[in-house]
Structure formats: structure tokens, C-alpha cells
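All remarks here apply to the structure that follows.
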Amino acid sequence: MTDVLTRAPARRDGLKSALARTPVTAAVDLGASKVACFIMKSDGVNKADRTLNACGVGYVQSHGVRGGAVVDLDAAIESIALAVERAETVAGLSVQGVTVSCSLGQMASLRARAQVSLGARPISDPDLSRALGVALAQVRLNGRRVIHLLPVAWSVDAQRGIRDPRAMFGKVLGLELLVVHMNESIFRTLGHCVERAHLAFEGVVAAPFVSALSALENDEMDLGAICIDMGGGSTSAAVFAGGSLVHIDSLAVGGSHVTQDIARGFQTSITGAERLKTLYGSAIASTNEDREMIEAPPRGDDPGAGPVTAPRSLLKGIIAPRVEETLELLRDRLKASGAPMAPGAGIILTGGASQLVGARETAVRVFDRPVRLGRPRRAPHLADSASGPAFCAATGVLHRAAFGPRETASGSLNGRAIRSTEGAAGNPVSQVAAWLRENL
């Protein structure tokens, strides 16, 4: 472990008084390819035009994360600590706690519905609390941790699509609740990594959800959209309809798997394969690719071995099937989920792997929908190096903290740590009531 971890406690103790004067929000986007940390002061929120100004940004190559899980604890801890250290240096301040965005832990979602009878009085907070409690009582998740609880829609009698039913009259109050969950063991491991980096663990958020908050327009959320976050170790999706998140799904296949395929096909190193993908990689055919030859360093340390030479068409023949297969698997999972996807819903691609040449065209062919590349649109002051699709998730965590949607779930509620319900099977009436009072 580097000196970063041993220096951190002393540095944070030295800036304790500054922290009291300058409340900050910090996001750590933990992926298989990179770890990014974005820091925002309380005065970095512009409520007039709903934009953000990150005062500190830092990112490093990720180590210890692969295949949708943490595989090397010490390496992951060091990556987190280094990313936070760099962001703190740029911001000129220290952070105490971070919220982690990721697609680890086989993230998924389910929808729970509830109906409660009403009296002859206006609908009030206790009525909403009862509906949420009934919906949660239906959920049984063994070995899973709830990370988001989001009302999709309320209804009063036959009237559906209500955003806030309070003060209305009716006989029956209905609720559709989205429950996003992940593997409990991986959730605990992430918390342990953050705490070992001498930071307070403020919870986990789903990367495709916060990427959507950063990259989608309000009209897209209202009319229907699918945000696909193409990361290094996973590909995940957030489906929106009627202005609400309605589904989350993920695959443990991402850009690093493309790199590994190239390394095997060209008999080169992972570093050499990543370079080939970055410089020459494409998921669609290009002119003269059969005659254009490319070189890759040989695998191993034999000084007499020459570079591996092959036509560029071989590289495309390796990349295209993997990208197409990944998107087809995700498409089939979304169809099987029954998530409400409007016929005109577009696709928004985020994540580092979405920048691969031809990824957008492949997505158009696989989904038969309009596709665009998403970028952090709510943070206009980001440097060019941190304003691409790969940084949507980190920016989205800051947007969620500033503008919502507010939630009651394991992790954090309005920046305050709360206890999770065991398997989401309990009835957190007091938490729900407080959340309703503050956020609806």
C-alpha cells in the first residue's frame, strides 16, 4: 500500500476546521478501467439553470476490479485513495465521505405495487407512508442490498400518473415502487474499501441511473429513454418512462472483455491490445481495412521476437462480434423484464466503452432505435479531459445530491447515513414518513 493511505488521516485532521466551514459532496465512480472522484462545494450548485461546478476532479487507472466484483482489495483501496487524493489536491480541501457509483454486484430492479383504502379526508403523509410500507412488505431479497427506492407513479382511484397525491380526495391510493438492489457481500466489500481509504462510506448508487441524470434531457425522461452505461467491466441500463426510472439491469461484460479478445487474437499483451483498440479499433467496417496492416508488441519478454503484424480487418473482426453480442444480450434482457419501453424511446450511450468507433451504429442496428452519445450536460465548467461519456456517472452523483430525486434506501438520505432494512422486508415507517415530509 502506498504512502497515500498513511498520509490521509493526518491531512484530514489538519483540515477539520475547514471542513466545518465548507460542506462538500464527493463522488467516486468505481469501474474496471478507471476510478474517478468529483468534488463539489455547496456553492457549486446553480439552481437557476440546474447546473453544477465541480471544484475538484481526479481520476486514475483502476486496479482490483474485474468482472463486476472487487478481486483485489488492497489494489482497489489504493485506486480509490489515489483518485480522491488527486481531486482533493485540485479542490484545495479534504473530504470526509464519498458516495460510490458503480455497476458491480449484479445490479437489478423489481417493481412492487400497493393499494390502501382512504377515508373521507384529503390524502396526507401517513397515507403515503402506509402505501410505501405495504409495497415494501411484499419484497423478499435474500443476500441482496437495496440501494434505491423510487416511487414510479401514484394513483388515486382510476386517475394514474400522479406525481404528488397529497391533498387529493379518493377511495383508493395506489403506488408503484421501484426497488434497485445489488449483491449484499459486494456492497459490504465496497464499504470496507472506502473505510480502509480513511473515508466515510455514504452509500452506493447505480451507475446507469446517475449517468442518466447527467446526460438525459427532461423531455427524454418524460417521453421515454434508455441510458446504456458501457463501462470497462460491465454494461448496464436505466430505463425511463413518464419522467421516472422504471428499470435497472446489468451485464458483467464490458470494454475490458473486448481488450482481452484482442490480446488473445493478436497474441499481444493487455497494454498492447488496449493501444490497438484505442488507435485502430472499430465495430464497423472501414475502407482499405484489408490492405492496411497494423502492428502489436509481442507477448512476453523475448528480445528477439518481432512485432505481431496483421490486417486491420482482423481487429474489426474481433471487436464487432463482441460489441454486437453484448448489446444483443442487454436488449433481450430488457425485453424479458417487461419494463415499459415506449416505441419512440431513444438510446443514450455513456461510459468509456461507448466512445469506441462504431458503437453507436451497432446500437442503432441492434435496438432499431435512435441512438446518441451522452455527455455530462449539467456541468459546463468541466475540463475537456473530464467532460466525455466516461464521466457521466461521477457528474450524476453530484446532480443527484443537488437536485434529487430524493430517496429512502440503504446508503444515504439527503446526505445523512441511515440504516437499511434487512432484505427490504421490514417496514421503515419512520424513515418513509420523514422522507415524504422533506421531499415530495
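Each value in this text was obtained by applying a stated rule to the coordinates, not by laboratory testing. Owing to the predicted nature of the structure, the values given are computational and were not obtained by experimental measurement. FYI the Cβ positions are ideal-geometry reconstructions off the backbone, even for glycines, and counts take in every protein chain you see.
Summing +1 for each Lys or Arg and -1 for each Asp or Glu, what net charge is found among the other residues whose Cβ lies under 10 Å from the Cβ of A237?
Surrounding charge for A237 is 0.
What angle, in degrees between 0 and 90 and rounded to the nearest 10, separates the Cα long axis of helix 184-196 from the longest principal axis of the Cα atoms of the chain?
That helix lies at roughly 70 degrees to the long axis.
Placing +1 at every Lys and Arg Cβ and -1 at every Asp and Glu Cβ, with all other atoms neutral, what dipole size does segment 218-376 have around its Cα centre, in debye to the nearest 20?
60 debye
Could you give the size of the charge dipole of the chain about its Cα centre, using +1 on the Cβ of each K and R and -1 on the Cβ of each D and E, expressed in debye and rounded to the nearest 20?
The dipole magnitude comes to about 1040 debye.
Which of the aspartates and glutamates could a cross-linker span from K277 if the Cα-Cα distance has to be under 20 Å and same-chain partners fewer than 8 positions apart are dropped?
By straight Cα distance, K277 reaches D229, D261, E289, D290, E292, E295, E324, E325, E361.
Once the Cα atoms of the chain are picked out, what are the Rg and Dmax in Å?
When restricted to Cα atoms, the chain yields Rg and Dmax of 22.8, 88 Å.
Students often check this: by mean Cβ neighbours within 10 Å, which of 389-401, 268-280, 333-345 ranks highest, and how do the rest follow?
By packing density, highest mean first, the sequence is 389-401, 268-280, 333-345.
So what is the relative contact order for the chain, in percent, with contacts set as C-alpha pairs under 8 Å and at least six apart?
19 percent
Could you please rank T326, T350, placing first whichever residue has the fewest other Cβ atoms within 10 Å of its Cβ?
Result, fewest neighbours first: T326, T350.
Using a cut-off of 12 Å between beta-carbons, work out the net charge of the residues near V60 (Lys and Arg +1, Asp and Glu -1, V60 not included).
Its environment carries a net charge of -1.
As a footprinting exposure proxy, order E202, E195 by other Cβ within 10 Å, with the fewest listed first.
Arranged by neighbour count, lowest to highest, E202, E195 become E195, E202.
How far is helix 392-403 tilted, in degrees, relative to the longest principal axis of the Cα atoms in the chain, given as a value from 0 to 90 rounded to the nearest 10?
20 degrees
What relative contact order, as a whole-number percentage, does segment 218-376 give when Cα pairs under 8 Å and 6 or more residues apart are counted?
That works out to 28 percent.
Leaving out same-chain residues fewer than 8 places away, which lysines sit with a Cα under 18 Å from that of K171?
none
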